[in-house]
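Asks: First the structure, then my questions, so here it is.
The values are calculated or read from the model by the stated rules, or taken from the named source; none is laboratory data. What you see is a predicted model, and the numbers here were worked out from it, not measured in a lab. Cβ: placed from backbone, ideal geometry, glycine included. Neighbour counts: every protein chain shown.
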Amino acid sequence: MAVSCEDDQRKSRLRALGYTDTQIKAMDDEEYGDRKLTDKSTYIKQDIQACLQRSDLYISNPNSTNTVSHFSLLANQIITFVCLMVRPGLITPTPLERCMQIAYTAKLNSGCISRQVGAVVTDKNFSVQSVGWNDTPFGQVPCSLRNRFDLVSGNDQEAYSEYEKSNIQYIARFTQESEKYLKIEKTGRNVSYCFKSEYNDLIGEKNQVHTRSLHAEENAFLQISKYGGRGIENGKLFTTASPCELCSKKAYQLGVKEIYYIDPYPGIAMTHILMGGTNNPELILFSGAIGKAFHNLYSSKMPYKDELNALSL
């Protein structure tokens, strides 16, 4: 279970507790920073991003202006989940849960070896118009199915780009780096790799533009144009992460009015792109059940009609 609130509200609460902006930044860097397997602290520090990605129950705890019942929204969510735990199938999923569950399922199609993300685009009435996940363009082999030793040995040539096969500097470094994975190859595992990481290490940068994959939100938008879907102006976007700067601009241009997200993107997409102008979409932190919890809470143990008939005997 993940209990969260909007990022600006989280920071304001920390400031109210006496934390300075410097301390908050240090806290965020520690809880959201890069994890190195060789660093012992990796195994004892909180990993907030991983917790958000692995949860299947999400509770939103926003600031409330209701002084009479300050925690009514929080309480209602908890009561709903508890009732469903006691009596699965008592109510049906909300439209928000239904759409986010589709996005959650879609992300499993992703061949990205770093992170799987799913997205769904609907019209204003929650009618699904397209589904997307982060993956390579159609016709290219996803990273999860490529093998660094196939590239080095010249096998499965269609799976690799001309750059990977012909750039001498890249090949030399890649071949050298591959040596430490020889022991893994002998176990029978597929030794896949992330081109973005390999290339960024080569040029000494950290640039997201070098990823092979389309982002989930971007992919969902493109499916609409590819297959002749109708317009989505005033529609909704559901994402199991949150849109980056590039995907945010696309959502804004398409006229998306509501964006439901789970994990805040560590950039300025929200404050700079989605909150700048006269046609700003509403950013809404998702609350509800997805994944295993979705099925466990909303699947009745038996048809309600049969239950009533049994109780009437």
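Asks: Collect the residues in the stretch 290-312 that are among the basic types (Lys, Arg) and assigned to a helix (DSSP H, G or I), keeping them in residue-number order.
Replies: Lys292, Lys305
Asks: Just to be sure I understand the filter: pairs with C-beta atoms under 9 Å, separated by 6 or more residues or on different chains, first member in the stretch 18-36 and over 18 Å from Asp8 (Cβ atoms) and assigned by TED's automatic domain parsing to the domain that holds Asp8, second member assigned to a helix (DSSP H, G or I) and hydrophobic (A, V, I, L, M, F, W, C). Which pairs pass?
Replies: Arg35/Ala50
Asks: To continue, here is another question. Mind listing whichever residues of the stretch 229-250 are in contact with a Gly (Cβ under 8 Å, 6 or more places away or on another chain), under 26 Å from Asp29 (Cβ atoms) and in contact (Cβ under 8 Å) with a residue 40 or more places away in the chain?
Replies: Thr239, Thr240
Asks: Being within 22 Å of Glu164 (Cβ to Cβ), buried (at least 18 other Cβ atoms within 10 Å of the Cβ) and of a type in the set (A, V, I, L, M, F, W, C) is the filter here; which residues of the stretch 195-245 pass it?
Replies: Phe195, Leu214
Asks: Within the stretch 1-44, track down each residue that is among the aromatic types (Phe, Trp, Tyr) and surrounded by 10 or more Cβ atoms within 10 Å (Cβ to Cβ).
Replies: Residues satisfying the conditions are Tyr19, Tyr32.
Asks: Among the listed residues Ile102, Ile44, which satisfies the condition of being at pLDDT 95 or above, in the same structural domain as Gly229 (by TED's automatic domain parsing) and not hydroxyl-bearing (Ser, Thr, Tyr)?
Replies: Result: Ile102 is the single residue among Ile102, Ile44 that is at pLDDT 95 or above, in the same structural domain as Gly229 (by TED's automatic domain parsing) and not hydroxyl-bearing (Ser, Thr, Tyr).
Asks: Just for the stretch 151-172: of the residues that are of a type in the set (Asp, Glu) and more than 30 Å from the chain's Cα centre (by Cα), which one is farthest from His210 (Cα to Cα)?
Replies: Checking each candidate, the answer is Asp156.
Asks: Out of curiosity, is Gln253 of a type in the set (S, T, N, Q), in the same structural domain as Thr271 (by TED's automatic domain parsing), assigned to a helix (DSSP H, G or I) and in contact (Cβ under 8 Å) with a residue 60 or more places away in the chain?
Replies: no
Asks: Is it the case that Pro142 is exposed (fewer than 14 other Cβ atoms within 10 Å of the Cβ) and closer than 30 Å to Pro243 by Cα?
Replies: Considered against the rule, which asks whether it is exposed (fewer than 14 other Cβ atoms within 10 Å of the Cβ) and closer than 30 Å to Pro243 by Cα, Pro142 comes out as no.
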